[in-house]
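Have a look at the structure below, then the notes.
FYI, it's all coordinate maths here, none of it is from the lab. The structure displayed is predicted, hence computed values, not measured ones. All Cβ positions, glycine included, derive from the backbone under ideal geometry; neighbour counts span all protein chains shown.
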Amino acid sequence: MSEVKHTGTKHPLASGAPEHEAVTRRRPLGVMAALPDELGDLVAAMRAEGDVRTVAHGQRDYHVGTVHGAPCVVTLARIGKVAAAATVSALIHVFDIDAVVFTGVAGGVGRDVQIGDIVVAHTLMQHDLDASPLFPRFEVPLLGISRFAADATLAARLAAACEDFVEREGRALATRFSTAPPRVHRGLVISGDQFIASAAAVNALRAALPDALAVEMEGAAIAQVCYEYGVPCAIVRTISDTADVHAPASFSTFLVEIAGTYSSGILRRFLQARG
Ligand code: SAH
């Protein structure tokens, strides 16, 4: 992680060294999820490790501290693209984060993506963005981009954490939650402001975007904001449902019973390695 020298005016939310002294400090990693269950034990682990400063900003709580040896700002975005974009903007501008990792659940879209599998985004796009015929379908108007890349290094480290998690805990998880042994996929994650919960809707997405692995409601918005500000980001999703008629029940059960176990296991490995 990079070291940055901060001089001059102290930010109103900053703490620590006096204003007149040049301070060298490590910039924190932003860690986000949409819903509390998706963060697992992260805030508790941060509290167990030392002081946590909780800053209320824009109707969200930002927890500033160290977790698994890594300086982090941990927060919840709530659901949807606007909520995610607003939250990641605050992480960048108010909390001066170095990079962002988003963890959560998603609907499986790829044909071999099963409930309990993990998808690490390689690229992300907004499946509901359509300003055609003025601009090509899916393209962000005036930016000229439809697919945003996750940071390759960060995504590779996240995928390595997922592989280790699955290797060591996958069999036990499959038995405990009656799922197939989980697998880790890497590829396209698509985002939109809809909970996809019918065969017709998920088949339409498959037809339009045959390489999509998972569908959710925040990732591509985060990737766009991070692209625009030059901040590295990575997104990991555990598959809670297959975006069909069973999705509401499957999502709800998975969220409450399983999502936290995955996030805790993956983030612990990722943050310890980053440490
Ligand atoms: N009714 C739920 C709303 C869930 S929205 C509630 O009251 O809490 C679903 C959340 O999980 C979003 O944050 C989204 O990113 C993700 N997600 C999981 N499965 C999804 C699916 N099939 N379609 C879209 N988003 C999904």
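Some notes on this structure:
- Inter-label distance for residue 52 and residue 137, nm, one decimal - labels placed 7 Å from Cα along Cα-to-Cβ: 4.4 nm
- Local net charge near residue 84, Cβ-Cβ under 15 Å (Lys/Arg +1, Asp/Glu -1): -2
- The C-alpha radius of gyration of segment 2-274, expressed as a fraction of 2.2 N^0.38 Å, stands at 1.00.
- Dipole of the chain, positive direction: furthest Cα of 115, 196, 62, with charges on the beta-carbon: 62
- Full-stretch length increase - residue 211, residue 177 - with 0.36 nm per residue and alpha-carbon distance subtracted: 9.5 nm
- Computed [θ] at 222 nm, helices only, for the chain once each DSSP H run of length n ≥ 4 contributes -39500 (n - 2.57): -10500 deg cm²/dmol
- Qualifying trypsin sites (Lys or Arg not before Pro) for segment 44-125 [loop in DSSP, other Cβ within 10 Å: at most 14]: 111
- Dipole magnitude for the chain: computed about the Cα centre from +1 point charges on Lys and Arg Cβ and -1 point charges on Asp and Glu Cβ, it is near 360 debye.
- Derived scalar couplings ³J(HN,Hα) [segment 117-132; Karplus, 6.51 cos²θ - 1.76 cosθ + 1.60; whole Hz; x for Gly, Pro]: 6, 10, 10, 9, 5, 9, 9, 9, 8, 8, 6, 9, 8, 8, 9, 6
- Positive minus negative residues near residue 183 (Lys, Arg vs Asp, Glu; Cβ under 14 Å): -2
- Cut-off under 5 Å, modelled amide H: who pairs with residue 52 long-range: none
- Estimated from the Cβ-Cβ distance and a Förster radius of 45 angstrom, the FRET efficiency linking residue 130 and residue 169 is about 0.65.
- Segment 145-201 shape via C-alpha gyration tensor axes, a/c threshold 1.5: oblate
- Among 101, 225, 55, residue whose mean-square fluctuation peaks in a GNM of the chain (springs only between Cα atoms under 10 Å): 55
- Highest average packing first - 248-260, 147-159, Cβ atoms within 10 Å: 147-159, 248-260
- For segment 138-275, the spherically averaged projection of the C-alpha convex hull amounts to 9.1 nm².
- Charge dipole (debye, nearest 20) of segment 99-256; +1 at Cβ of Lys and Arg, -1 at Cβ of Asp and Glu: 320 debye
- The distance from the alpha carbon centre of segment 62-91 to that of segment 178-250 is 20 Å, rounded to a whole number.
- Approximate spin-label separation residue 228-residue 44, in nm, with each point projected 7 Å along Cα-to-Cβ: 3.7 nm
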